[in-house]
4 protein chains.
Amino acid sequence: MGQNFSTDLAREARDLWQKSAGEVPEGVTARREERQGFVFEAVEIRTDDAAEKLGMPVGRYVTMELDALFRREEDAFARACAVLSEELRTQLRFSGGESVLVVGLGNPDVTPDAVGPLAAEQVLVTRHLKERLPADFAPFRTVSVFRSGVLGTTGVESAQLTAAVVGSIAPDRIVAVDALAARETGRLCRTVQITDAGIVPGSGVGNARQALTRDTLGIPVVSVGVPTVVDARMLCADLTGTEPAGLSPGELFVTPRDIDSRVRDVSRLTAYGVNLALHDGLSVGDIDMYLS
Amino acid sequence: MGQNFSTDLAREARDLWQKSAGEVPEGVTARREERQGFVFEAVEIRTDDAAEKLGMPVGRYVTMELDALFRREEDAFARACAVLSEELRTQLRFSGGESVLVVGLGNPDVTPDAVGPLAAEQVLVTRHLKERLPADFAPFRTVSVFRSGVLGTTGVESAQLTAAVVGSIAPDRIVAVDALAARETGRLCRTVQITDAGIVPGSGVGNARQALTRDTLGIPVVSVGVPTVVDARMLCADLTGTEPAGLSPGELFVTPRDIDSRVRDVSRLTAYGVNLALHDGLSVGDIDMYLS
Amino acid sequence: MGQNFSTDLAREARDLWQKSAGEVPEGVTARREERQGFVFEAVEIRTDDAAEKLGMPVGRYVTMELDALFRREEDAFARACAVLSEELRTQLRFSGGESVLVVGLGNPDVTPDAVGPLAAEQVLVTRHLKERLPADFAPFRTVSVFRSGVLGTTGVESAQLTAAVVGSIAPDRIVAVDALAARETGRLCRTVQITDAGIVPGSGVGNARQALTRDTLGIPVVSVGVPTVVDARMLCADLTGTEPAGLSPGELFVTPRDIDSRVRDVSRLTAYGVNLALHDGLSVGDIDMYLS
Amino acid sequence: MGQNFSTDLAREARDLWQKSAGEVPEGVTARREERQGFVFEAVEIRTDDAAEKLGMPVGRYVTMELDALFRREEDAFARACAVLSEELRTQLRFSGGESVLVVGLGNPDVTPDAVGPLAAEQVLVTRHLKERLPADFAPFRTVSVFRSGVLGTTGVESAQLTAAVVGSIAPDRIVAVDALAARETGRLCRTVQITDAGIVPGSGVGNARQALTRDTLGIPVVSVGVPTVVDARMLCADLTGTEPAGLSPGELFVTPRDIDSRVRDVSRLTAYGVNLALHDGLSVGDIDMYLS
């Protein structure tokens, strides 16, 4: 959380750059379309120059808007999982039976940071089953799950722990799930960002030590992020035009009233979308059954 | 949560009235003092006219500031419990062996609303033990605990449920614990309000149906409240001078980054203060032991 | 938990009486049938004499065996909810728009006792919504939910608290959900008992003070119970033929290895079955949607 | 869990061998003493032959009996932490500022398996703080924490994950915390075993792949284990003299009625004992303060 635009969403960073610079940033494209009733906006950061401007690495950043899910349209959950899984597959570029490590980032004991750990609980884990019963689990991809914890409760950067696990079990792909910071309160728990740029927490492209990217881990990293907080300082700045004195960045957060249930819902959506992306021929009902 | 000043703290309501009216409200007194390193501010609303101005019933409202607790001064927790319990005793006006019902208000599954339920878990329950082993538990007051839940998960107003329980077990006093809304972010989880005016949720003095007060329940009601949220709309209004369009009251909340752990800590303080107030001769260590 | 046969299941009490007396108890009938792949066994205790022999009040006791659910047959969850709801409707004898209070009994913090509280979380609560938006919620029955807690954490018998709530909101029916004790380990979390005899905890028909029955509450009480524990003392007694010295009743429990997930699953089944029984035209998918 | 004597406690394995063989096993010594009111029994397995007989590797196995803690003697918790920490220090053989990795083994979502994860939450983590503020944290040892999860929720053996983390952060010592299986129900949550033999889960000395020992990890491993379950099959076998047909090993467990609160209490004791062992000059009150 906390690029120089105080957002982890590429579409917000793009808008903010455009607003402050008065022009569309070069090397950045954006495309908006509807898929099965859900609005997708794909932002591509194509050049290093554009990456520096927006404070995010080169890559494809797709946001999916969940409004249709919250209008409780018929079959909305199943449709949302399906279109989310399609975008994940596009970015994961499987060519065969690649194995996958799903990394749940964040602190399970802090509600707005619990998206990763909650999603991790609902990912179908198959690595050990395929080892023991290869024939029975042949239709499934090899999937393992790692909950990295956070620096304050482990003493170790989650990127370092993840790299150690990657070195040991040698997956072919990583799917990283994390909570994000946004700038617009209307996006909180109502948007999912899927990107092949991995995860670069903190201060954007500069802080390579903490990054989970193809560069640092040696394999493709697709991340699924859900904005759950807006820094109260940025909300104030956006409203008043000046950053308030006496309010440090990251001290106070703005969250929806029903953050607890929304985080649960969006974590389930994320996990189910990941499950559908990783295994052929699964349905939402199958996942319900396997998880029970 | 949500008087006409959008705060449940009498001291904030008083300040806001003074700011908007340009003068000290008549019928309201305030006194500030330090007790064992903790700042206490006692606001007395003495007249119906003052009650109407501040949007809160007549009564004594004492806020205790917890800064010394968070500076981790030596023995700070034990001292905080002690001074909190003293104020509770002052307001409970025991003359002998009065029985007490502790009511934990709020939703245990919504972090900023969980102060009441979390405190309820740490209150020493004695009513059934005194009935079975009267001699062994003679030194203890008769204490029972009721978790009222919230309208959305019970279908019934918590005041109605509490009244039913009061009618059935006939306690002599009620201690109600609840989360509050504040106006100043600096007070979140850093202040406790103790009042003999009971609890009047929602729109202040008008909404008698939902109130837990001596008037509605027939016995003295002392409430302990902890502000955990500021309405994002009010924060914006305070910063910009106008209420933001497109942001409904109660839609977005401002909370501290570490709300989960702060709510746990302040709930424990509240429960321990209540335990010390209700039983003579207890220490913090005794409560630790009884709760394990 | 703990009739004189150390079971809360009428079918076990019947079998045990037959085994010890060498004959079928008079005034007790039993019938076994399959409904949509699930085995139902209906035991009717018809006379006071039979009630005394089995240590359970007169009434209809139906056990539903969940084996088909755990074999993960197609649509097993939806079918299980449907047949459970049919039996509930049979026993609830609705003639029109009766209102219902669902009571979740037990301790949410003790896994094998958490069936009631966990089910309560998944019951659709409508009472407050129907009051506010009568037209929108016309198709729904009036449902409220009460979590009674347990004596050790409230100081008050759950039957007394329930009676107080019944007196205040005046429902027409009660559905009580609770964990039970069984005698056969093979039934743990694999059986649901539905009975119109209500709940008579502890020592069977004698202990009227703690009972939730039509007699004590004045309205029909249907209870849904799930056996989650076998008293280790009874398991030993069954295996060795003598009750072991030095092992008190209720001191040690036998539970399945995966009690935590099984209790979650069976609580969900119970809640969904109740929801389907109380509202016409609902589907499992609808409940998923309303609860999210 | 599950040596050939179906116990993870060396003192039980020793007693069972003696009972079955009719003689004291050679190469095994045992000594019993009281320390500050707590009974300690030290079993030393000295030879490979003895290790094979008892199904446990060579090492020092000390059990501490917690009865004094549950009698609620004055200061019992502080005394228990102190004597536990002394034994840990004896086995950890620090000679200077060695760094320590604390590994919490087990499944946080399965009550009797949650000792490791619950203890991990209460271990003071210092590694990141010492890196950032070396002067301020000079008095503290470098401590990091790893929660390994279980095979079913990660897909990877916990020993493999732990080895990967050890390789990455290179600690000097490991303290592993885990739940154990016992044979005697009276020891459940009432005994702590501290051993320098590390952890060899499953089938005893044979299964090196899953072991966390000096041999597999290259550094000293001290483990703290708490028995929380007895296999119901073994309880039956002990009572009847024959293993019951139709009851698989590990299918049903015997646990205390109040397993949830006992597991919480003993996890706290374990964590506090570890904290005191790792840092000089700490008190129980200090840990309370740092954890809040």
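The values are calculated or read from the model by the stated rules, or taken from the named source; none is laboratory data. None of these values were measured; they are calculated from a predicted model. Cβ coordinates were reconstructed from backbone atoms using ideal geometry, including for glycine residues, and neighbour counts include every protein chain displayed. We work out accessible area using only protein heavy atoms, side chains counted, and drop any ligands, DNA or RNA first. Shrake-Rupley method; radii C 1.70, N 1.55, O 1.52, S 1.80 Å.
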Arrange the residues C:Asp178, B:Asp280 by how much accessible surface each exposes, largest first, with a 1.4 angstrom probe.
B:Asp280, C:Asp178
Which residue fluctuates most in the GNM of chain B (Cα springs below 10 Å): B:Val230, B:Val125, B:Val156?
B:Val156
Looking at the P(r) of the protein assembly as shown, how many percent of alpha-carbon pairs lie beyond 49 Å?
30
First compute the accessible area of segment C:1-71 with a 1.4 Å probe, then give the percent of it belonging to carbon and sulfur atoms.
42
With the label point 7 Å along the Cα-to-beta-carbon line of D:Arg89 and a cut-off under 18 Å to each amide N, the hits in segment D:117-146 are D:124, D:139-143
Among the residues of chain C, which one places its Cβ closest to the rotation axis that maps chain C onto chain B, and what is that distance in whole Å?
C:Ala164, 2
In square angstrom and rounded to 100, what buried accessible area do you get between chains C and D, total over both, with the probe at 1.4 Å?
1700
When the dipole is taken about the Cα centre of segment B:1-116, and only Lys, Arg (+1) and Asp, Glu (-1) are charged at their Cβ, what size is it in debye, to the nearest 20?
160
Calculated from DSSP helices alone, with each H run of at least 4 adding -39500 (n - 2.57) and the total divided by the residues of chain B, [θ]222 nm to the nearest 500 comes to -10500 deg cm²/dmol
For chain D, set up a Gaussian network in which alpha carbons nearer than 10 Å are linked by springs, and say which option among D:Leu133, D:Leu92, D:Leu269 fluctuates the most.
D:Leu133
Length-normalised contact order of segment C:1-128, Cα under 8 Å, at least 6 apart, in percent, tallies to 15
Beyond 22 Å, what percent of the Cα pairs of segment D:49-169 remain?
54
Would you mind working out the accessible area per residue for segment B:225-267, using a 1.4 Å probe, and quoting it in Å²?
37
Tell me the carbon and sulfur percent of the accessible area for segment A:95-134, rounded to whole percent, probe radius 1.4 Å.
52
Per-residue ³J(HN,Hα) for segment C:36-47, Karplus 6.51 cos²θ - 1.76 cosθ + 1.60, θ = phi - 60°, Hz, x for Gly and Pro
6, x, 10, 7, 10, 10, 9, 10, 10, 9, 9, 10
Quickly work out the C:Asp258-to-B:Gln18 label distance, labels modelled 7 Å from Cα along the C-beta direction, and quote it in nm with one decimal.
6.3
In units of 2.2 N^0.38 Å, what is the alpha-carbon radius of gyration of segment C:134-292?
1.20
Once the label point is set 7 Å along the Cα-to-beta-carbon vector, what list of distances in nm do you get between C:Glu86 and its counterparts in the other copies?
3.9, 6.9, 6.9
The base-10 log of I(q)/I(0) that the Debye equation returns for chain D at q = 0.12, 0.13 Å⁻¹, one scatterer per C-alpha, is -0.74, -0.87
Looking at D:Phe146, D:Ala30, D:Met56, which one has the Cα that reaches farthest to the positive end of the dipole of chain D (charges on Cβ: Lys, Arg +1; Asp, Glu -1)?
D:Phe146
With the label 7 angstrom out along Cα to Cβ, how close does B:Gly218 come to the same site in each of the other copies, in nm, nearest first?
1.6, 7.5, 7.6
Apply the Karplus parameterisation 6.51 cos²θ - 1.76 cosθ + 1.60, with θ equal to phi minus 60°, to every residue of segment D:271-283 and state each ³J(HN,Hα) to the nearest whole Hz, in sequence, with x for glycine and proline.
5, 5, x, 5, 4, 5, 5, 8, 10, 6, x, 7, 10
Relative to the other copies, what are the label-point distances for C:Gln36, with labels 7 Å from Cα along the C-beta vector, expressed in nm at one decimal and sorted shortest first?
2.6, 6.1, 6.1
If C:Ile45, A:Ile169 are ordered by their accessible area, calculated over protein heavy atoms with a 1.4 Å probe, which sequence runs from highest to lowest?
A:Ile169, C:Ile45
Threshold 10 Å², probe 1.4 Å: give the residues of segment C:162-198, in number order, that are less accessible with all protein chains present than with their chain alone.
C:Ala164, C:Val165, C:Ser168, C:Ile169, C:Thr185
So what is the relative contact order of chain B, in percent, for Cα pairs below 8 Å that sit 6 or more residues apart?
22
At what distance in angstrom do the alpha carbon centres of segment B:244-292 and segment C:36-52 lie from each other?
49
Under the definition of Cα pairs under 8 Å and six or more residues apart, what whole-number percent is the relative contact order of segment A:167-262?
33
Using a basic spin-label model with each label point 7 Å from the Cα along Cα→Cβ, how many nm lie between D:Ala30 and B:Ala135?
4.1
Measure of compaction for segment D:16-108 (Cα Rg per 2.2 N^0.38 Å)
1.33
Under a 1.4 Å probe, what is the accessible area of segment C:1-84 per residue, stated in Å²?
47
Span from the segment B:120-196 Cα centroid across to the segment D:94-167 one, whole angstrom:
38
Can you work out the Karplus-derived ³J(HN,Hα) for every residue in segment A:227-235? Use 6.51 cos²θ - 1.76 cosθ + 1.60 with θ = phi - 60°, whole Hz, and x for glycine or proline.
x, 10, 9, 10, 4, 4, 4, 6, 4
By a straight-distance test (C-alpha under 24 Å), which lysines pair with D:Lys53 as possible cross-link partners, with residues fewer than eight away in the same chain excluded?
D:Lys19
Per residue, accessible area of segment D:133-184 with a 1.4 Å probe, heavy atoms of protein chains only, in Å², comes to 32
How much solvent-accessible surface does B:Lys53 expose, in Å² to the nearest 10, with a 1.4 Å probe and all protein chains in place?
60
